[in-house]
1. Mind listing whichever residues of segment 282-298 are surrounded by fewer than 22 Cβ atoms within 10 Å (Cβ to Cβ) and assigned to a helix (DSSP H, G or I)?
2. Counting only residues that are buried (at least 23 other Cβ atoms within 10 Å of the Cβ) and in contact with a Pro (Cβ under 6 Å, 6 or more places away or on another chain), how many does segment 136-183 have?
3. Quickly run through segment 300-352 and pick out the residues that are among the small types (Gly, Ala, Ser), in contact with a Gly (Cβ under 9 Å, 6 or more places away or on another chain) and at pLDDT 85 or above.
4. What number goes with the only condition from (1) more than 28 Å from TYR237 (Cα to Cα); (2) surrounded by fewer than 24 Cβ atoms within 10 Å (Cβ to Cβ) that ASP66 does not pass?
5. Would you pick out the residues in segment 231-282 that are within 19 Å of the chain's Cα centre (by Cα) and of a type in the set (S, T, N, Q)?
6. Quick one: count up the residues across segment 69-96 that are of a type in the set (Phe, Trp, Tyr) and either crowded, with 21+ Cβ neighbours inside 10 Å or farther than 30 Å from TYR159 by Cα (or both).
7. Could you check segment 76-105 and list, in sequence order, the residues that are part of a loop (DSSP other than H, G, I, E, B) and of a type in the set (Gly, Ala, Ser)?
8. Determine the pairs where a residue that is basic (Lys, Arg), located within segment 60-81, has a partner that is in a helix (DSSP H, G or I) and at pLDDT 80 or above with Cβ atoms under 8 Å apart, the partner being 6 or more residues away or on another chain.
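The values are calculated or read from the model by the stated rules, or taken from the named source; none is laboratory data. In this text the structure is predicted, and so the values were computed from the model without any measurement. Note that we place each Cβ from the backbone using ideal geometry, even for glycine, and neighbour counts take in every protein chain shown.
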Amino acid sequence: MLFTHRPFLFYLGTRSCTRFATQIAAVAVGWQVYELTGSAFDLGMIGLVQFVPSALVVFVAGHAADHYDRRWVIALCQLVEALTAAYLALGTFGGWISVPGIFIAMTVLGLATGFESPAIAALLPGVVPEGEVQRGTAISTGAAQVVTITGPAVGGLAYAVAPSLPYVVMLVLWLLGALLAVVIVRERAVVSHTATSLKAVFAGVSFVRHNPAILGTISLDLFAVLLGGAVALLPIYASDILDAGPWGLGLLRAAPAVGALLMTAVLTRFTIETRVGMRMFQAVIVFGVATIVFAVSTAMWLSILALAVMGAADTVSVVIRFSLVQLATPDDMRGRVGAVNFLFINASNQLGQFESGVTAALLGTVPAAVLGGVGTIAVALLWMKLFPTLRKVERLE
């Protein structure tokens, strides 16, 4: 049983700590920036200043994950993140933090995340027994969603108590995550000491380009979530449309995780055995429909329900995508292929946040969110035509 497998449990611990801290940061930084500026464009900039540095280092990061001990790569990144949280806590407590200062801190977090994420993704197959990657992915996704449920709520509540308190909690979580990372004992050694060269660094790009199912999977997530980034507008919905305040923002941010956790419980018990490609496309379409419902909602309960459906649909897509990519990639390539995957995911999440902020500034919050949902559905339908190999994938393991 994976729940009694110690390497996997330590892996869950370090991944959950970093996810918890990241979710707290999303609430605290988003609310703080909007409180300081009242600007949708500045909310979008939070995503951009994280994406650009991580995109610049992601291929080097993927090579590092294949060349060095992935546990120490993760731990070092979490120490950098902890120091950044300390800077935000001190600046907020002292009253000298500014929006440019916050953007600099988020840039540092983007750099650290750029190195950390490929290493975490590549480490999973090395800490689970053979044949358990899909179940391990579902469980780790579920554990992440548990902290994603509590993280935004804790972040909103902590910010209401004291604006510096969320950053202190983030500091503690990242330090704990670093400790858990270094005590992991791997099930199998998966690190390959490949020679450092330009070809080796970009080998993941070549691998993905020559595997249509993987390319279709990763690019589907990129464009679907890039357009459907309504979550980036939650501070505006909480403040101006739903009149919910910081605590309400925490509830809204937690809602997708509630739906994701419920779906994870289903997928942990009943793995997806057939027609996995079609199931992923169907999940993306459901995500787009739920985004439209959320966009036009003016009732708190309906907004929370729509966000929960978005989280459930996204979980189906994540489990299929991650399992497919990991199982189709050799061990000594997982860091570099994971870097490509991370670049696409990061682009979809953080550039999607920037796109939503800019679109909301130009068209208004509700039209921007509706347009994103429609775009997500359109991308799913188009990708079904462009990548028939992916649509026809039947099984994972």
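1. Within segment 282-298, GLN282, ILE285, VAL286, VAL289, ILE292, VAL293, VAL296 meet the criteria.
2. Residues meeting the conditions: 3.
3. ALA308, GLY311, ALA312, ALA313
4. ASP66 satisfies all of (1) more than 28 Å from TYR237 (Cα to Cα); (2) surrounded by fewer than 24 Cβ atoms within 10 Å (Cβ to Cβ) except (2).
5. Residue satisfying the conditions is THR264 alone.
6. Taking segment 69-96 and keeping what is of a type in the set (Phe, Trp, Tyr), we get 72, 87, 93, 96.
Filter once more, so that each one left must be either crowded, with 21+ Cβ neighbours inside 10 Å or farther than 30 Å from TYR159 by Cα (or both): 72.
Residues meeting the conditions: 1.
7. GLY95, SER98
8. ARG70/ALA119; ARG70/ILE120; ARG70/LEU123; ARG71/LEU123; ARG71/ALA181; ARG71/VAL182
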